[in-house]
Amino acid sequence: MSVLLQEKIKPILSVDEQIAKLKENGVTFKYISEENAKKYLTENNYYFKLTSYRKNFLKKEVNGKEIYIDLDFSYLQDLAIIDMELRYLLVELSLDIEHWTKVYLLNLIQRQNEDGYKIVSDFLNTLDENQYNRLENEILRNKNSIYCEDLINKHSDLKKYSVWIFVEIVSFGTLISFYRFCGKRYNNKMMEKNHFILKMCKSVRNAAAHSNCIINDLNANTTSLSTSYSVTKELSNIKSVSKTTRIKKMSNGRIQQVVTLLYMHKKLIPSEGVKNNAAKRLHIFSDRIKRNNVYYINNDLIKTNFDFLNVIIDNWYPVD
């Protein structure tokens with residue numbers, strides 16, 4: 001093993017060593033005791049994930065070493081909990097989006113008097129060999145699933161599936177590709193634009209479903225993707241958000257994806273009951289963000305991003 005490789009390998013730290021490392025990097029324990037912090041790291045979270053939120057805090061140099069400014073362990077704990085609740089919420093909202101994407105497609109196809117089998121075959125014929133094989137493997141992996149086996153085992157040939165079965169057994173990613181195919185088939189410009197938005201929804205949905213951290217890096221300029229014009233236009237209607245603020249906040253890839261998902265849910269879902277339930281859940285989340293806002297009085301990055309999300313929730317999802 002090379003010396004360079006050896007230097008990159010970091011030993012597993014005991015909980016006591018983790019606390020010592022945090023203190024060495026400037027993390028304080030004003031609002032939670034070290035013993036309770038150890039208990040939290042043992043029973044509720046783990047060091048690598050918890051410390052990822054430190055990216056949202058500034059550093060200063062002290063005696064030749066960079067340490068974090070105004071970062072207490074309780075702040076990391078609070079952000080981890082907020083992030084967890086946000087992930088659960090995003091998964092719920094994305095399930096709504098996936099369901100109504102299917103509803104929209106099936107209604108559209110019906111209105112077009114399509115052959116429900118031919119449209120699937122036509123879509124599959126647009127795939128190259130690698131794309132087709134990936135899709136086939138994707139479906140066959142669920143062949144023994146108690147949830148999908150009855151649907152999948154009806155046909156051995158993908159091209160013989162009806163559209164109403166097809167949308168039930170494919171992944172969200174394939175559903176989005178099929179959505180784009182239908183948009184082109186019917187020369188529907190709105191669907192082609194929404195395809196990009198749905199892909200962004202899928203990205204944040206996948207991150208949330210795999211328990212990836214969402215708000216552990218809120219710094220600007222972390223995405224090379226442009227925000228959809230539709231989303232930007234909707235944001236511009238919020239008078240309390242300046243153009244400068246909007247551009248800066250949406251330059252963060254995580255915030256951009258979360259806001260895009262909120263926009264798509266708002267625009268796609270026709271059910272008032274589902275919208276009202278979403279609004280209630282979002283305002284519960286908004287209240288959770290505000291619970292410990294005193295922690296972030298001196299942290300403009302966290303404070304302004306939380307304010308941005310709260311303003312969007314208030315304007316896009318009002319409650320009585």
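Identify the residue in the stretch 125-140 that is assigned to a helix (DSSP H, G or I) and surrounded by 16 or more Cβ atoms within 10 Å (Cβ to Cβ) and, among all such residues, is modelled with the highest pLDDT. Walk me through it before giving the result.
Initial filter on the stretch 125-140 (assigned to a helix (DSSP H, G or I)): 125, 129-140.
Okay, now just the ones that are also surrounded by 16 or more Cβ atoms within 10 Å (Cβ to Cβ), so 135, 139.
Details: L135: 91, I139: 85.
The extreme case among them is L135.
Give, as residue ranges, the helices (runs of 4 or more DSSP H) completely inside the stretch 1-90 that count at least 2 residues that are without any contact (Cβ under 8 Å) to a residue 60 or more places away in the chain and loosely packed, with under 15 Cβ neighbours inside 10 Å.
3-8, 15-24, 34-43
Which condition from (1) open to solvent by 60 Å² or more (accessible area, probe 1.4 Å); (2) over 24 Å from C201 (Cβ atoms) is the one that W164 breaks?
So the condition that W164 fails would be (2).
Of all residues in the stretch 238-270, which are out of contact with any Cys (no Cβ under 7 Å at 6 or more places or on another chain), more than 18 Å from D217 (Cβ to Cβ) and in contact (Cβ under 8 Å) with a residue 40 or more places away in the chain?
I238, S240, V241, T245, L262, Y263, H265, K266, L268, I269, P270
Those residues that are open to solvent by 90 Å² or more (accessible area, probe 1.4 Å) and either within 22 Å of L198 (Cβ to Cβ) or among the basic types (K, R) (or both), I need them from the stretch 238-257; list them, please.
Let us first name the residues in the stretch 238-257 that are open to solvent by 90 Å² or more (accessible area, probe 1.4 Å), namely 239-240, 243-244, 247-248.
Answer for the stretch 238-257, where residues must be open to solvent by 90 Å² or more (accessible area, probe 1.4 Å) and either within 22 Å of L198 (Cβ to Cβ) or among the basic types (K, R) (or both): K239, K243, K248.
Take the stretch 141-159 and flag every residue that is in a helix (DSSP H, G or I) and open to solvent by 90 Å² or more (accessible area, probe 1.4 Å).
Across the stretch 141-159, the qualifying residue is only D150.
With the requirement that a residue be under 14 Å from Q131 (Cα atoms) and either assigned to a helix (DSSP H, G or I) or without any contact (Cβ under 8 Å) to a residue 24 or more places away in the chain (or both), what does the stretch 160-175 give you? It would help to see each step written out before you state the result.
Step one: list which residues in the stretch 160-175 are under 14 Å from Q131 (Cα atoms), which gives 170-171, 173-175.
Selection gives G173, T174, L175.
Just to be sure I understand, how many residues within the stretch 68-95 are touching a helix residue (DSSP H, G or I) at 6+ places or on another chain (Cβ under 8 Å), of a type in the set (A, V, I, L, M) and closer than 18 Å to K275 by Cα?
Looking only at that region, the number is 5.
Out of the stretch 98-124, which residues are closer than 16 Å to R185 by Cβ, open to solvent by 90 Å² or more (accessible area, probe 1.4 Å) and in a helix (DSSP H, G or I)?
Once the filter is applied, which keeps residues that are closer than 16 Å to R185 by Cβ, open to solvent by 90 Å² or more (accessible area, probe 1.4 Å) and in a helix (DSSP H, G or I), the stretch 98-124 yields Q110, R111, K118.
In the stretch 276-313, what residues are surrounded by fewer than 16 Cβ atoms within 10 Å (Cβ to Cβ), without any contact (Cβ under 8 Å) to a residue 60 or more places away in the chain and either of a type outside the set (D, E, K, R) or closer than 25 Å to T101 by Cα (or both)?
Answer for the stretch 276-313, where residues must be surrounded by fewer than 16 Cβ atoms within 10 Å (Cβ to Cβ), without any contact (Cβ under 8 Å) to a residue 60 or more places away in the chain and either of a type outside the set (D, E, K, R) or closer than 25 Å to T101 by Cα (or both): N276, N277, K280, I284, N293, V294, I297, T304.
The values are calculated or read from the model by the stated rules, or taken from the named source; none is laboratory data. Values in this document were obtained by computation on a predicted structure and should not be read as measured data. Heads up, the Cβs are rebuilt from the backbone with ideal geometry, glycines too, and the neighbour counts pull from every protein chain shown. Protein only, heavy atoms only, side chains kept; ligands, DNA and RNA dropped before computing areas. Shrake-Rupley method; radii C 1.70, N 1.55, O 1.52, S 1.80 Å.
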